[in-house]
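Here, each number is a calculation from the coordinates, and none is a lab measurement. Here the structure is a predicted model, which is why all the values come from computation and not from measurement. Positions of Cβ are backbone-derived with ideal geometry, glycine not excepted, and every protein chain shown enters the neighbour counts.
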Amino acid sequence: MSRPARPLVPKWYSPAEVAVLLGFGLSKVKMKIATGELRSIKDGKYRRVLPEWVDEYIRDQVERQEVA
């Protein structure tokens with residue numbers, strides 16, 4: 001008897017996936033990566049963002065709003 005397949009959980013995201021997660025356009029995500037607001041790494045010719053870095057970006061945004 002085989003087990004039901006579990007959905008794969010990504011270990012990292014492409015900028016396009018981050019844009020969908022955050023409700024942003026791709027160009028906005030790329031700009032945030034370019035300015036360093038959103039951490040990423042280069043994997044060959046591709047940019048990748050760890051899920052923790054998306055969470056970190058969101059936390060930073062919330063903290064900025066609370067301080068303002």
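Restricted to region 1-48, and to residues that are among the aliphatic types (A, V, I, L, M) and farther than 26 Å from R64 by Cα, which residue is surrounded by the fewest Cβ atoms within 10 Å (Cβ to Cβ)? Going through the qualifying residues, I end up with M1. The C-beta contact set for region 41-59 (first residue closer than 11 Å to Y13 by Cβ, second residue of a type in the set (F, W, Y), distance under 6 angstrom, 6+ apart or interchain) comprises R48/W12; V49/Y13; L50/W12. Among the residues of region 56-67, are any in contact with a Ser or Thr (Cβ under 8 Å, 6 or more places away or on another chain) and either surrounded by 12 or more Cβ atoms within 10 Å (Cβ to Cβ) or not polar (S, T, N, Q) (or both)? For region 56-67, residues in contact with a Ser or Thr (Cβ under 8 Å, 6 or more places away or on another chain) and either surrounded by 12 or more Cβ atoms within 10 Å (Cβ to Cβ) or not polar (S, T, N, Q) (or both): absent.
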